[in-house]
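Structure record follows, encoded as structure tokens.
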Amino acid sequence: MSEPIKTDVLIIGAGPCGLFAVFELGLLDMKVHLVDILDKVGGQCAELYPEKPIYDIPAISYITGQGLCEALMAQVKPFGPTFHLGEMVETVEKIGDPLFRITTDQGKVFEAKIVVIAAGGGSFQPKRPPVPGIEAYEGTSVHYAVRKMDVFRDKRLLIVGGGDSALDWTLNLVPIAKRVTLMHRRDQFRAAPDSVNKMKALVAEKKMDLALGQVTGLEGANGRLTAALAKPDKGDPYRLECDAMLPFFGLTMKLGPVANWGVKLNEDLIPVDTAAFESNVPGIFAIGDINTYPGKLKLILSGFHEAALMAQKAYHYVFPDKRLVFQYTTSSTSLQKKLGVA
Ligand SMILES: Cc1cc2nc3c(=O)[nH]c(=O)nc-3n(C[C@H](O)[C@H](O)[C@H](O)COP(=O)(O)OP(=O)(O)OC[C@H]3O[C@@H](n4cnc5c(N)ncnc54)[C@H](O)[C@@H]3O)c2cc1C
């Protein structure tokens, strides 16, 4: 375990509501770290509908999911939040009044006065392909994400899937791997045509292989993969020697570890009060899609409102001896200085 990273606030989830919370907390001088299991910010907007237009963000008649994420990132820039992407918060433990120790699956430890759960519908987790015994190789030879490309240097890689992730990682890993084989069920791909064309050019130049079929079994020992067994739609099963397999079958949302953090849950949602959006544990707040209260609407604008009220109460925990004066950004020079505009 590493040295704890100390912060005023730890936000779990960098979706739109977690991002806007950075702004509201920043205006009140609270320093923030955010953790998200995805390798990018924006939650559902970035992962599920980056190109879809959203029409109900107040005062913005039209913005895409990705556009909203970019606008939020620009808005929080003055506050310099620290992002820990590609990490899942596993444990949240109360160690003070209030003070929390939070750990991630990458071994990071935080000590935060306040925890804001902005975990949406839960953590995005990779879909596991239906290959018998695959669990025994996960984390050692079967990887659902690429955190460090160098791990795959000089290895024989089997990349499985036909979407953007599979094609992007194929193109990125061909130069460093010993050999890359891309396996897809059929010779048609959902990925961007440009990536598909580049991949086919590499196959034509014999710099990588394309295999049609589905993985039906794995061979190896002690978590170390030596080969995958595959079956095409037509034709005989075959065997492909490889050191690592990277299946990219999309993501699914699961509640994940939230259930073990000691906060009360109601049908997988966190009940909160509507004055501060605090859970039953003082100092742990829940905003956005993850919370529930009478009349809750799972809309981005609801999460923005919740973030503003949450920050007011969080301030009193972080600065117990200070008085909070309500101010407008239009007229407060002190707020404008924090925003870097005065
Ligand atoms: C197709 C579609 C269209 C939509 N259109 C609209 C619309 O037009 N208008 C509108 O207002 N809303 C719309 N929504 C809903 C909107 O996207 C959600 O209300 C919004 O994304 C909720 O934001 P959030 O920040 O609460 O959670 P999310 O966007 O779900 O983000 C939560 C983040 O938390 C992370 N996380 C969860 N658990 C952990 C953990 N343990 N450790 C680390 N990270 C974790 C997740 O990886 C995720 O990135 C739409 C949703 C969908 C699916």
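Tabulated values for the structure
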| item | result |
| --- | --- |
| Wholly within the range 244-322, strands (runs of 3 or more DSSP E) carrying at least 2 residues that are open to solvent by 40 Å² or more (accessible area, probe 1.4 Å) | 251-254 |
| Given (1) within 30 Å of residue 317 (Cβ to Cβ); (2) buried (at least 16 other Cβ atoms within 10 Å of the Cβ), index of the condition residue 107 fails | (2) |
| Residue 101 being touching a Cys at 6+ places or on another chain (Cβ under 6 Å) and open to solvent by 20 Å² or more (accessible area, probe 1.4 Å) | no |
| Residues (closer than 17 Å to residue 311 by Cβ and among the β-branched types (Val, Ile, Thr)) located in the range 241-289 | 272, 274, 284, 287 |
| Subset of the range 184-210 (residues that are under 18 Å from residue 250 (Cα atoms) and open to solvent by less than 100 Å² (accessible area, probe 1.4 Å)) | 184, 189, 191, 192, 195, 196 |
| Whichever residue in the range 270-306 is closer than 14 Å to residue 13 by Cβ and of a type in the set (A, V, I, L, M) and, among such residues, is farthest from the ligand (Cβ to nearest atom) | 284 |
| Failed item, numbered, when residue 217 is tested on (1) part of a strand (DSSP E or B); (2) modelled with pLDDT of 95 or more; (3) under 25 Å from the mean Cα position of the chain (by Cα) | (3) |
| Residues (touching a strand residue (DSSP E or B) at 6+ places or on another chain (Cβ under 8 Å) and not in a strand (DSSP E or B)) located in the range 221-243 | 232, 233, 237, 242, 243 |
| Odd one out for residue 181, checked against (1) within 26 Å of residue 40 (Cβ to Cβ); (2) open to solvent by less than 60 Å² (accessible area, probe 1.4 Å); (3) of a type outside the set (A, V, I, L, M, F, W, C); (4) touching a residue at least 60 places away in the same chain (Cβ under 8 Å) | (1) |
| Qualifying residues in the range 323-342 (those that are within 16 Å of residue 23 (Cβ to Cβ) and part of a helix (DSSP H, G or I)) - the one least open to solvent (accessible area, probe 1.4 Å) | 335 |
| Residues located in the range 61-82, provided they are open to solvent by less than 60 Å² (accessible area, probe 1.4 Å), touching a strand residue (DSSP E or B) at 6+ places or on another chain (Cβ under 8 Å) and not small (Gly, Ala, Ser) | 63, 64, 68, 79, 81, 82 |
| Strands (runs of 3 or more DSSP E) (entirely within the range 27-138) containing at least 1 residues that are in contact with a helix residue (DSSP H, G or I) (Cβ under 8 Å, 6 or more places away or on another chain) and near the ligand (Cβ under 9 Å from one of its atoms) | 32-36, 89-96, 109-117, 123-126 |
| Lone unmet requirement of (1) away from the ligand (no atom under 16 Å from the Cβ); (2) out of contact with any strand residue (DSSP E or B) (no Cβ under 6 Å at 6 or more places or on another chain); (3) within 25 Å of residue 43 (Cα to Cα) for residue 246 | (2) |
| Residue in the range 186-202 that is part of a strand (DSSP E or B) and under 12 Å from residue 160 (Cα atoms) present | no |
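The values are calculated or read from the model by the stated rules, or taken from the named source; none is laboratory data. Everything numeric in this text was worked out from a predicted model, so none of it was measured. Cβ coordinates were reconstructed from backbone atoms using ideal geometry, including for glycine residues, and neighbour counts include every protein chain displayed. Just the protein is used for accessible areas: all its heavy atoms, side chains included, with ligands, DNA and RNA removed. Shrake-Rupley method; radii C 1.70, N 1.55, O 1.52, S 1.80 Å.
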